[in-house]
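Here the structure is laid out as structure tokens; the discussion comes afterwards.
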């Protein structure tokens, strides 16, 4: 049986980083580090430089994933890029990345599923590899979210940051269970208005999003475990979407995982939307926390509403 194995991970964060106090001062916000950190767990975020595009950040993360996998451009059959902040309506940001990486073969396209985008992209790439449509794929989440924020709205502008994360998937045969075990994708358009871009800027009904988040994420996690005949105790690592520390902690408790088994970057990256899971995954593989053989659970919820989960054996 063919499985999609995560052969390499990569991440990129813009150079400029703003603490909560620096953000409040720069944009004249009536807020403070204490107000932001107590409610969200966020202490700083990164901001793309003037002229730095979503494709620039995505390509940087992809290069690191390729290097970690010991691969080069000639190996890549597909680029699937999740973003809510594409550089243009068309061509797709994925094709811009294809050009930047010097890839001349295969295909590339974007996926729009807000903060759940990376899980969606992972599911699509995994399906293509399992069915033989391609042998390898770069799956990327990249966002320049600070460019669509209303800097007068402290309820949203303090939450988001910019960055990119990537994984290289490779087809691998054999009887082992290494690779993507399953992905589980959902959406419900009835709740689209509680988290959306309106007039070019992010608008969010925070309490409503939080109310849906834990229940929907818990359901997707249970679905993923049941589909693979696994129990909560089998999970070594939770790599969640980095939206809010309270949601992350609630999901860790649901799984019975100690805090040190939950990968948390929201304090330093803020919410980087589709980039948050691959960025956290890249950090956890670089520092040696996630190792060969570990069972990793990923989950996310975002505008749409969209939500989903994925299980992978490293």
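What follows draws every value from the coordinates through simple rules; no lab data is involved. For clarity, every value in this text was computed on a predicted model and none was experimentally measured. A quick note on method: Cβ atoms are made from the backbone with ideal geometry, for glycine too, and the neighbour counts reach across all protein chains shown.
Brief remarks on what is shown
- Residue-span extension gain [residue 30 to residue 246] - 0.36 nm each, minus C-alpha spacing: 75.5 nm
- When each of 147, 313, 207 is scored by the number of other beta-carbon atoms lying within 10 Å, the sequence from fewest to most is 207, 147, 313.
- As a length-normalised measure over Cα pairs under 8 Å and 6 or more apart, the relative contact order of segment 179-313 settles at 41 percent.
- Cα gyration tensor, segment 162-229 - rounded (a/c under 1.5), prolate or oblate: oblate
- Values of log10 I(q)/I(0) for the chain across q = 0.06 Å⁻¹ run -0.17, by the Debye formula with one identical scatterer at each alpha carbon and no solvent.
- Inter-part distance, segment 35-53 to segment 2-25, computed on C-alpha centroids, equals 11 Å.
- Sorting the Cα pairs of segment 3-172 by distance into bins of 10 Å, from 0 upward, gives 11, 37, 29, 16, 6, 0 percent per bin.
- Annotation: extensible slack from residue 148 through residue 218 equals 22.3 nm (criterion: 0.36 nm per residue apart, minus Cα-Cα distance).
- Segment 78-208 - share of DSSP beta bridges that are antiparallel (%, nearest 5): 55
- Comparing mean-square fluctuations of 218, 73, 137 from a GNM of the chain with C-alpha springs under 10 Å, the top value falls on 73.
- Legend: ranking of residues 175, 223, 283 from fewest to most surrounding C-beta atoms inside 10 Å; resulting order 175, 223, 283.
- Distance from segment 137-215 to segment 58-93 (C-alpha centre basis), Å: 17
- Ranking of 314, 210, 90 by count of other Cβ atoms within 10 Å, fewest first: 90, 210, 314
- Share of pairwise Cα-Cα distances greater than 18 Å in segment 172-314 is 56 percent (whole percent).
- Each DSSP beta bridge with both residues in the chain is either parallel or antiparallel, and the antiparallel ones are about 70%.
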